[in-house]
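Worksheet: one structure, shown below.
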Amino acid sequence: MSVIKVSNLTKTYTDTEVPVHAVNGIDLTFEKGEFAAIVGPSGSGKTTILNMIGGLEKSTSGTVEVHGQDISELSSGKLIDFRLNNIGFVFQAYNLIPVLTAKENVEFIMQLQNWEKTKMNERTFAILESVGLGNRVNSKPNQLSGGQQQRVAVARALASKPQFILADEPTANLDSKSTNQLLDIMEKLNKEENITFIFSTHDQRVVDKAHRVIKVDDGKVVSDEVKN
Amino acid sequence: MKTILKIAWRNIWRNKRRTLITIASMMFALFFAIVMRGFQVGSYAKMKENAIESYSGYIQIHKKGYWDDKNINNIFEFDQQKIKDLESDPRINVVIPRLESFALASSGEATKGVAVMGIFPEKENKMTKIKSYLQEGDFINVEDRSVLMAEELAKFLNININDTLVLFSSGYHGATAAGLFHVKGILKLPIPEMNRRTVYLSITEAQNFFDTGNQFTALAFDMNNLDDVNTVEQELRSDIDQENYEVMGWELMNKELLQMIESDKAGGIIMIAILYMVIAFGILGTVLMMTNERIREFSMMISIGMQKRKLILVVIIELIFLTILGVIAGFIISLPLMIYFYYNPIKFTGDVVEAMKDFNFEPIMPMSIDFQIFINQAIVIMIISLIVMYYPILKILKLNVVKGLKS
């Protein structure tokens, strides 16, 4: 059974002078454990697709089903709970909570989910260890490099074992070394935890690592290629 | 909840300088408001205390119509046994019969209209602590044919201890009242008006002087507990023949004083309100900055699964922390000063003294350390914070997460 099924999804922005058709009727399906990249030039609609899959933005028409549930029917409060329990987010600008340490940032979602303290601690240390930050657990974001912050963000997204992870241009602010490290870590975790990763990117290094590449342009899927 | 508290506490220290400035602004506003209010409440309490304990008492009984026409003919006789019965009531400290009227006082070339007060000296002392005002000479007893004079009156008449005072007046039913009295003591009375024109005689001498027999103009009641005043007043009203007597409470007897206090209080409240308005805008400024600079952070927190109500709780707790810190700081800096002035009230000197006496105020500024003053000011700051909280709450409720993430 597919994790995510996107059917005839469209998004039109009408708050501009001329309506902008950001997404034009796309159909996509993601299976468990996929490591997929949505690629395309700026303004092609890749971030909008990701936002709609993540329930951050309402579609103009079409449906997004996660494990058979149409998330566009959920109220905004239920959508927040849905995201909490099903989706991990990795943002371009890291977006860690600046007043919390790496460990506290990773724990944050688990705390919202009311994890038991011992289990939460075990999971936090294990996931920080696996992203190579076992020695920086008590560092605050401003004490970490960009690459390290993004690794904490990945750890935070993965910690509560969501159904899938949406990563919007996760390497855009990173240098080559940090990008490679991050991609290696995400690929490893994808295999180890069997969690679906969906990236939006125009970074060729991400495209090279991805097992499936979905090219979009003008809000339409122009190719969908699974690598062997 | 622990995480929410932790985030809120750390958030307020993200910009230490701004937080300290906000706390300082609350602290100084509270300091000025509390000290100002402390002086006001202290002065009002002193004025009431002077009026009640130095003169009127909490309740008085007169012949009907006496209060509006303080005439020596409006007097009454009251059963001494009944007075003793009243005094046996545990709620009542003492019942003081008085005979009050007016006379011309003279010594040498100087003459002045004075208030003559016939008293039971020891009983009077139980309520008014009149003995403690003695500056020179000795206190009188009920058999004395001597008088006690107010300090400024004695100065005006150029009279000293052991001199003779001439009193001349109209007695009961038009009888001529004239007498020579030995001055036994000089009193410095707390109410300036009384200090300018009061002469105390023993009640027996006053009754002889005014030829009133065993009659009085007033029975003044001192109470053990202010809370019992209204009940006792009501009971006296129902016990006493209201056709012939009037029972008056301290509020009615000191109506002008209370009105003056109310109008002065209103002026003080306007001053404090202006002060708080300035502070409200200060707090609002901080909250605006704290909210607007974190829109992306709020959006991220909602994106990853934090309910808006929890985020609102974080912001509310941040403001509560700020307010509590401001309030505590305000208390800490105002309390020592208030305690100091409570034990060392400001004593005015120079021309201000005369100006205050002209308005019948004692020329001192006492301080009140009533805890209610602190509580009230803290509540005002809390209310300001509650109003200011409205902004971040609205901002979070209306937050567009996608736009916020791009901000």
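For the reader, a short list of remarks on this structure follows.
- Residue match in region B:247-262 (condition: among the small types (G, A, S), under 22 Å from B:N50 (Cβ atoms) and assigned to a helix (DSSP H, G or I)): no
- Strands (runs of 3 or more DSSP E) completely within region A:1-65 that count 2 or more residues being modelled with pLDDT under 90: A:4-13, A:20-30
- Considering only residues in region A:73-95 that are assigned to a helix (DSSP H, G or I) and under 18 Å from the mean Cα position of the chain (by Cα), the one that is farthest from B:M306 (Cα to Cα) turns out to be A:N86.
- Every test in (1) within 14 Å of chain B (Cβ to nearest Cβ); (2) buried (at least 24 other Cβ atoms within 10 Å of the Cβ); (3) out of contact with any Lys or Arg (no Cβ under 7 Å at 6 or more places or on another chain) is passed by A:V106 save one, and that test is (3).
Table: residues versus (1) polar (S, T, N, Q); (2) crowded, with 16+ Cβ neighbours inside 10 Å.
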residue: A:K161; (1), (2): no, no
residue: A:L166; (1), (2): no, yes
residue: A:E187; (1), (2): no, no
residue: A:N190; (1), (2): yes, yes
residue: A:T201; (1), (2): yes, yes
residue: A:A210; (1), (2): no, yes
residue: A:K215; (1), (2): no, yes
residue: A:G219; (1), (2): no, yes
residue: A:E225; (1), (2): no, no
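- Note on region B:169-230: enclosed strands (runs of 3 or more DSSP E) holding 2 or more residues that are in contact (Cβ under 8 Å) with a residue 60 or more places away in the chain and hydroxyl-bearing (S, T, Y) are B:198-202.
- Meets criteria (acidic (D, E) and touching a residue at least 24 places away in the same chain (Cβ under 8 Å)) for B:E122: no
- Once region B:287-336 is narrowed to residues that are within 9 Å of chain A (Cβ to nearest Cβ), free of Cβ contacts under 8 Å to residues at least 12 places away in the same chain and part of a helix (DSSP H, G or I), the residue that is surrounded by the fewest Cβ atoms within 10 Å (Cβ to Cβ) is B:R309.
- Of all residues in region B:153-186, those being aromatic (F, W, Y) and touching a Phe, Trp or Tyr at 6+ places or on another chain (Cβ under 8 Å) number 1.
- Where B:N15 falls short, out of the listed (1) out of contact with any Pro (no Cβ under 6 Å at 6 or more places or on another chain); (2) away from chain A (no Cβ under 14 Å): (2)
- Matching option when the condition is buried (at least 22 other Cβ atoms within 10 Å of the Cβ), of a type in the set (K, R) and more than 14 Å from chain B (Cβ to nearest Cβ), among A:R136, A:R156, A:R123, A:R151: A:R151
- The condition of being out of contact with any Lys or Arg (no Cβ under 7 Å at 6 or more places or on another chain) and within 13 Å of another protein chain (Cβ to nearest Cβ) holds for A:N142.
- Among the residues of region B:73-102, those identified as touching a helix residue (DSSP H, G or I) at 6+ places or on another chain (Cβ under 8 Å), closer than 20 Å to B:I140 by Cβ and not β-branched (V, I, T) are B:P97, B:R98, B:L99, B:S101.
- Taking the conditions (1) outside any strand (DSSP E or B); (2) more than 8 Å from chain B (Cβ to nearest Cβ) in turn, A:P98 satisfies each one other than (2).
- For B:D89: the one exception among (1) in a helix (DSSP H, G or I); (2) touching a residue at least 24 places away in the same chain (Cβ under 8 Å); (3) of a type in the set (D, E): (1)
- Some residue of region A:21-29 being buried (at least 23 other Cβ atoms within 10 Å of the Cβ), touching a residue at least 60 places away in the same chain (Cβ under 8 Å), within 14 Å of chain B (Cβ to nearest Cβ) and farther than 26 Å from A:E192 by Cα: yes
- Remark: pairs (first residue in region A:73-92, more than 9 Å from chain B (Cβ to nearest Cβ) and closer than 13 Å to B:I302 by Cβ; second residue outside any helix (DSSP H, G or I) and not polar (S, T, N, Q); Cβ separation under 6 Å; 6+ apart in sequence or on different chains) = A:L79/A:G55.
The values are calculated or read from the model by the stated rules, or taken from the named source; none is laboratory data. Predicted model, so just to flag it, every value in this text is computed and none were measured. Because the Cβ atoms are built from the backbone with ideal geometry, glycine has one as well, and the counts that use them run over all protein chains shown.
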